[in-house]
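> Take a look at the following structure, please.
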Amino acid sequence: MSKELEKAGLPVALVSAMFPVAMQVRANRIVKGVSIPHPCGDPSLPKDLDARLRREIVRTALKALEAEVTGPTVFSPGIP
Amino acid sequence: MTTIVHIVNQFFAGLGGEDKAGMPVGVIEDVAGAARGLQLQLGEEAKVASTVYYGDNYFHEHKEDAMKAILEAVRSAQPQVLVAGPAFNSGRYGVSCVEVCNAVANALGISCVTAMHGENPGIGTYLDFANTRVYCLPTAETTVGMNDALKRLAKFAMRLARNETVGSAQQEGYIPRGIRRLEQTDRPGAERAIEMLLKKIRNEPFESELPMEVWDEAPPAAPLAQVKERRIALVTTSGVVPWGNPDRFKTYRNTHWRKYNIAELKELEPGKWETVHGGYNVAYMNQNPHYGVPLDALRSLESEGAIGPGKLYPAYYVIPGNQGSPAVMRRVGQEIAADLKKDNVEGVLFVAT
Amino acid sequence: MNNLAKGPKKDMKLEIAEFPVKQIRLGHRFTYENQVLEVDEAGLINLVLQDPRIGDASIAIAMPGERTRITGIRDIVEPRHKVSGSGQVFPGILGPIEDVGDGRTHRLSGMTVIAAAEYEGTIRAGTTVQRSAILDMSGPGAKISRFSSHTHLVVSFRIISGLAELEAHTAIQLAEYKIAHRLAQTTVGLSPEKIATYELDKQEPDLPNVMLVQGCITDPQHVHSGVGYYGLSLRDSMATFLHPNELFDGAITVDTTRSGRGYYPTTWDWQNHPLVLGLYEAHGRTLNFGGVILQRIRFETYHGKEVGAQNAARLAHAMKADGVLVTWIGGGNAFVDVMFTIRACERKGIKTTLVTYENGGKEGKDSPVLFYVSEADAVVSTGSLDRTLTLPAMDKVIGPYEEIKIFPFPGATPMSAREPLSLEARDVMIGGADLWGQGTWKCVEY
């Protein structure tokens with residue numbers, strides 16, 4: 001589905017825990033999600049750290065949208 | 001008497017090489033070039049009523065006109081079957097053969113057969129179309145294999161003309177189109193598996209029942225300069241929807257998508273949203289929908305200035321992604337893309353589970 | 001001085017005594033004669049109603065070829081009873097927590113006990129929502145299911161309201177296992193039609209050592225993870241070794257609130273595992289059957305998947321496997337664990353062959369599976385689940401539901417069970433998904 005968005009000219013930052021699958025289907029800007037049932041965060045963290053992690057993941061996604069890439073590229077959110 | 005039309009490019013029509021690749025569509029009544037070879041193989045069984053040719057470049061540069069002319073020429077000859085190529089390793093020719101076959105099969109309802117080398121780019125197009133009426137036979141890389149290719153094309157064309165049932169790709173020797181049909185065999189899968197494993201252990205040849213697939217490249221969309229000045233939208237397959245599931249999403253195999261308003265919201269309150277998805281443990285997402293729709297983080301970045309004011313699209317798009325057929329997901333992707341572009345969205349944050 | 005008592009280590013040997021059933025009669029006593037099983041109907045109902053979690057119960061018989069539809073199916077089990085050897089069938093649930101897989105076990109073949117229960121559940125969506133299946137005994141639905149050729153004793157009952165999933169599951173499972181066990185006990189003291197002997201200890205040195213790697217999807221956070229090992233839910237553990245005889249005696253069991261739908265097997269499937277039976281058949285002739293590796297899959301991070309895969313491969317390697325059959329229960333991203341496992345085995349020089357169902361959409365034009373590794377070059381396809389099925393009207397409905405919700409999603413509308421039904425996939429019918437190669441289905445490429 002994200003490939004269709006890209007084909008239409010929209011850059012897509014894909015947040016997914018399963019980056020090998022994303023790479024195999026040739027998604028181009030892949031942001032490492034935490035885990036399949038909770039890609040944008042970690043429920044085992046205290047609420048404020050979880051929120052900070054989520055901001056970092058989204059910030060990384062925005063950076064990915066600005067990045068020039070030539071093929072499937074994985075962006076890892078930094079430890080906030 | 002079976003009637004056949006043969007599609008060739010300008011070179012194989014005997015009209016010239018690369019310098020003539022800009023030739024428009026033309027029709028030769030009777031046979032010319034490679035079509036002569038095809039007629040020889042067909043003998044008395046069938047007649048090649050006409051040879052339709054075009055310049056490789058012309059076809060691709062004037063596709064609409066070319067197709068129109070080709071379809072008209074084929075239609076007027078009223079053949080029982082169409083033959084195109086063989087294209088060997090010639091890329092532009094191979095792709096055009098497949099495109100012509102696909103168009104003729106759909107418009108006129110007749111079966112078509114073409115031929116080319118396994119690495120010809122035309123094969124990719126052939127797999128994309130997966131047209132049950134279009135077949136492609138494998139050939140050698142160069143015209144060294146011409147006689148052999150024409151012989152096999154003639155034979156296959158006659159079977160199609162006689163409306164014979166065509167078996168599987170493995171049985172018949174054509175290049176599979178990736179259409180997998182459910183059938184019963186004479187032996188249980190467990191037995192076939194043990195036999196296959198033993199062959200593999202003994203280094204004996206075996207045939208896998210499911211070939212590995214390689215996805216094609218999609219060139220990346222251009223990056224956004226200054227993302228904080230761009231309109232960004234969120235799309236998700238996590239299945240987060242308003243409580244009560246007002247648009248009746250199923251937990252798997254959905255075929256429709258929706259967008260839900262987030263314009264006035266600073267965050268998603270748990271209890272006002274629920275997760276409809278059969279493919280993962282939704283407990284976390286239900287407790288905190290931000291794991292799939294990170295609105296709190298987006299608003300926070302907005303107040304920091306990392307996302308421009310008013311630049312976050314006022315709705316998020318969702319389709320629960322469990323077991324969605326790729327064909328459906330492609331269509332959904334196209335529809336959402338159209339909707340986003342209509343509203344001048346420039347980039348997408350896509351959260352997948 | 002060496003005081004160790006050194007006796008020869010005896011391997012497990014299980015004799016399965018078969019008593020085929022052609023007909024079941026509802027009557028007043030338990031007898032088995034000439035392949036006819038008579039059961040004490042009132043006695044069985046009382047057995048079920050002993051559990052206060054069950055509101056009311058009834059028993060009906062369904063035979064192959066009848067225009068009957070069974071609804072509300074939660075699980076299917078084959079009646080078995082151990083007459084010798086340690087433990088009893090379904091250790092940790094019915095039987096004590098003890099070794100099983102040795103001695104002699106009686107089985108009633110050609111028939112099953114079906115547990116059909118009315119239960120609404122407390123979970124609305126996700127992988128742990130309760131679901132039930134249907135079974136047609138004739139027509140196109142019967143054609144695709146491995147259960148339509150058996151005679152079934154269907155126990156229909158209602159779970160009292162307000163019970164959460166674990167209580168409901170326990171009540172359903174105990175009811176079906178108690179009934180199945182009581183039926184099998186009818187054969188005690190009688191002569192079986194035939195005895196099959198299962199033991200692994202005659203290893204031929206020239207034959208390759210082959211094991212089965214059985215991947216199992218589990219929901220570690222759910223009250224019942226989906227796979228029970230001696231009655232304990234397998235959650236996110238590493239791989240473990242199973243002697244195949246343990247499966248025959250019911251060491252592995254299911255979550256009855258989800259069994260039989262989609263890619264979940266029934267208890268019957270674990271008791272009659274086609275790959276285990278196939279490997280036993282070949283044992284000593286073309287291969288040495290080395291046993292079963294039970295592997296938990298669908299780790300939720302890439303790290304988990306890779307660790308789980310390599311762990312299973314290491315276990316196979318330690319057990320000197322030359323080759324492994326790999327199969328799975330699961331869907332979606334659990335398949336990535338399966339592919340990583342194949343890759344890890346092949347990299348250790350252990351040859352693999354995968355047995356799997358496919359998706360690929362209704363026309364078979366989409367990708368048959370989610371993910372590939374280049375090492376998975378030997379695959380047996382058990383056919384696609386993505387085919388629609390149109391079921392005709394039936395004369396009789398057995399089971400707790402006269403109306404059924406084919407899709408258990410929030411807000412779904414129920415349909416009448418007697419009417420023609422349109423199913424959008426084969427796995428809505430119990431037994432419609434060939435998980436482990438029991439059937440002769442396959443997908444062929446055109």
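The values are calculated or read from the model by the stated rules, or taken from the named source; none is laboratory data. Keep in mind the model is a prediction, meaning the values are calculated, not measured. Note: ideal-geometry Cβ built from the backbone for every residue, glycine included; neighbour counts use all protein chains shown. Heavy atoms of the whole protein, side chains included, go into the accessibility calculation; ligands, DNA and RNA do not. Shrake-Rupley method; radii C 1.70, N 1.55, O 1.52, S 1.80 Å.
> Which residue out of B:GLU209, B:GLU213 is at the interface with chain C (Cβ under 9 Å from one of its Cβ atoms), in contact with a Lys or Arg (Cβ under 7 Å, 6 or more places away or on another chain) and open to solvent by 20 Å² or more (accessible area, probe 1.4 Å)? Explain how you work it out, then say what you get.
Values: B:GLU213 fails: in contact with a Lys or Arg (Cβ under 7 Å, 6 or more places away or on another chain).
Being at the interface with chain C (Cβ under 9 Å from one of its Cβ atoms), in contact with a Lys or Arg (Cβ under 7 Å, 6 or more places away or on another chain) and open to solvent by 20 Å² or more (accessible area, probe 1.4 Å) holds for just one of B:GLU209, B:GLU213, which is B:GLU209.
> Only residues that are closer than 16 Å to B:ARG36 by Cα and open to solvent by 10 Å² or more (accessible area, probe 1.4 Å): list them for the range B:146-187, please. First the steps, then the outcome.
Within the range B:146-187, the subset closer than 16 Å to B:ARG36 by Cα is B:146-155, B:157.
Hits for the range B:146-187 are B:MET146, B:ASN147, B:ASP148, B:LYS151, B:ARG152, B:LYS155.
> While we're looking at this one, here's another question. Do you know which of the residues in the range C:383-406 that are in contact with a Leu (Cβ under 7 Å, 6 or more places away or on another chain) and hydroxyl-bearing (Ser, Thr, Tyr) is least open to solvent (accessible area, probe 1.4 Å)?
Result: C:SER384.
Residue by residue, here is whether (1) under 17 Å from the mean Cα position of the chain (by Cα); (2) within 30 Å of C:ASN34 (Cβ to Cβ); (3) among the small types (Gly, Ala, Ser) holds:
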site: C:LEU166; (1), (2), (3): no, no, no
site: C:LYS194; (1), (2), (3): no, yes, no
site: C:LEU212; (1), (2), (3): yes, no, no
site: C:LEU232; (1), (2), (3): yes, no, no
site: C:ASP236; (1), (2), (3): no, no, no
site: C:ILE252; (1), (2), (3): yes, no, no
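> Only one of (1) of a type in the set (Asp, Glu); (2) at pLDDT below 95; (3) touching a helix residue (DSSP H, G or I) at 6+ places or on another chain (Cβ under 6 Å) fails for B:ASP296. Which number is that?
All conditions pass for B:ASP296, except number (2).
Every residue, every condition in (1) open to solvent by 10 Å² or more (accessible area, probe 1.4 Å); (2) modelled with pLDDT under 95; (3) touching a strand residue (DSSP E or B) at 6+ places or on another chain (Cβ under 6 Å), yes or no:
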| residue | (1), (2), (3) |
| --- | --- |
| C:HIS150 | yes, no, yes |
| C:GLN185 | yes, no, yes |
| C:LYS202 | yes, yes, no |
| C:LEU212 | no, no, yes |
| C:GLY228 | no, no, yes |
| C:PRO244 | no, no, yes |
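> Do the conditions hold for C:LEU279, that is, is it outside any helix (DSSP H, G or I) and either open to solvent by less than 30 Å² (accessible area, probe 1.4 Å) or at positive phi (or both)?
On the way: outside any helix (DSSP H, G or I): no; either open to solvent by less than 30 Å² (accessible area, probe 1.4 Å) or at positive phi (or both): yes.
Spelling it out, it is not the case that C:LEU279 is outside any helix (DSSP H, G or I) and either open to solvent by less than 30 Å² (accessible area, probe 1.4 Å) or at positive phi (or both).
> If I go through the range C:420-430 residue by residue, how many of them are open to solvent by 10 Å² or more (accessible area, probe 1.4 Å) and at pLDDT below 90?
If we filter the range C:420-430 for residues that are open to solvent by 10 Å² or more (accessible area, probe 1.4 Å), which is where we start, we get C:420, C:422, C:424, C:426-427.
Checking the rest, the ones that are also at pLDDT below 90 come to C:422, C:424, C:426-427.
The qualifying residues number 4.
> Just a yes or no: is a residue in the range C:316-324 farther than 14 Å from C:VAL210 by Cα and surrounded by 24 or more Cβ atoms within 10 Å (Cβ to Cβ)? Don't jump to the end; show me each part of the working.
Taking the range C:316-324 as the starting set, the residues that turn out to be farther than 14 Å from C:VAL210 by Cα are none.
Among the residues of the range C:316-324, not one is farther than 14 Å from C:VAL210 by Cα and surrounded by 24 or more Cβ atoms within 10 Å (Cβ to Cβ), which makes the answer no.
> Here's a follow-up. If I filter the range B:286-314 down to residues being away from chain C (no Cβ under 14 Å) and under 21 Å from C:GLU300 (Cα atoms), which single residue comes out as most open to solvent (accessible area, probe 1.4 Å)?
Applying the first criterion (away from chain C (no Cβ under 14 Å)) to the range B:286-314 yields B:288, B:290, B:293-314.
Narrowing further to those that are under 21 Å from C:GLU300 (Cα atoms): B:288, B:290, B:293-294.
Working: B:ASN288: 30, B:HIS290: 12, B:VAL293: 2, B:PRO294: 0 Å².
Among them, the one singled out is B:ASN288.
> Test of understanding: among C:VAL113, C:VAL89, C:VAL83, which residue is farther than 16 Å from C:VAL428 by Cα, part of a loop (DSSP other than H, G, I, E, B) and touching a His at 6+ places or on another chain (Cβ under 8 Å)?
C:VAL89
> Hey, another quick one. Suppose the filter is under 20 Å from the mean Cα position of the chain (by Cα) and either among the aliphatic types (A, V, I, L, M) or part of a loop (DSSP other than H, G, I, E, B) (or both); does C:LEU183 pass it? Spell out how you get there, then give the answer.
Working: under 20 Å from the mean Cα position of the chain (by Cα): yes; either among the aliphatic types (A, V, I, L, M) or part of a loop (DSSP other than H, G, I, E, B) (or both): yes.
Considered against the rule, which asks whether it is under 20 Å from the mean Cα position of the chain (by Cα) and either among the aliphatic types (A, V, I, L, M) or part of a loop (DSSP other than H, G, I, E, B) (or both), C:LEU183 comes out as yes.
> Additional query: Hey, which of the helices (runs of 4 or more DSSP H) in chain A, taking only ones fully inside, have at least 3 residues that are more than 7 Å from chain B (Cβ to nearest Cβ) and open to solvent by 10 Å² or more (accessible area, probe 1.4 Å)? Working first, answer last.
Numbers: elements: A:2-7, A:19-24, A:47-66.
Fully inside chain A and qualifying: A:19-24, A:47-66.
> Okay, next question. Among the numbered criteria (1) farther than 21 Å from C:MET211 by Cβ; (2) in a strand (DSSP E or B); (3) more than 7 Å from chain B (Cβ to nearest Cβ), which one does C:THR327 miss?
All conditions are met except number (1).
> For B:PHE11, indicate whether it is among the aromatic types (Phe, Trp, Tyr), assigned by TED's automatic domain parsing to the domain that holds B:LEU153 and open to solvent by 40 Å² or more (accessible area, probe 1.4 Å).
Details: among the aromatic types (Phe, Trp, Tyr): yes; assigned by TED's automatic domain parsing to the domain that holds B:LEU153: yes; open to solvent by 40 Å² or more (accessible area, probe 1.4 Å): yes.
Yes; evaluated as a whole, the condition is true for this residue.
> Which pairs have Cβ atoms under 7 Å, sit 6 or more apart or on different chains, and link a residue in the range C:346-366 that is more than 18 Å from C:PRO274 (Cα to Cα) and more than 8 Å from chain B (Cβ to nearest Cβ) to one that is of a type in the set (A, V, I, L, M, F, W, C) and open to solvent by less than 50 Å² (accessible area, probe 1.4 Å)?
From residues that are more than 18 Å from C:PRO274 (Cα to Cα) and more than 8 Å from chain B (Cβ to nearest Cβ), the pairs are C:LYS348/C:ALA313; C:ILE350/C:ALA313; C:ILE350/C:ALA316; C:ILE350/C:ALA321; C:ILE350/C:VAL324.
> When the range B:175-209 is examined, which residues are found to be in contact with a Phe, Trp or Tyr (Cβ under 9 Å, 6 or more places away or on another chain) and closer than 30 Å to A:GLU4 by Cα?
Within the range B:175-209, B:ILE175, B:PRO176, B:ARG177, B:GLY178, B:ILE179, B:ARG180, B:ARG181, B:LEU182 qualify.
> Would you pick out the residues in the range B:60-118 that are more than 19 Å from B:ALA149 (Cβ to Cβ) and hydroxyl-bearing (Ser, Thr, Tyr)? Step through it out loud before you land on a result.
Just the residues of the range B:60-118 that are more than 19 Å from B:ALA149 (Cβ to Cβ), to begin with: B:60-80, B:99, B:102-110.
Listed by number, the list holds a single entry, B:SER76.
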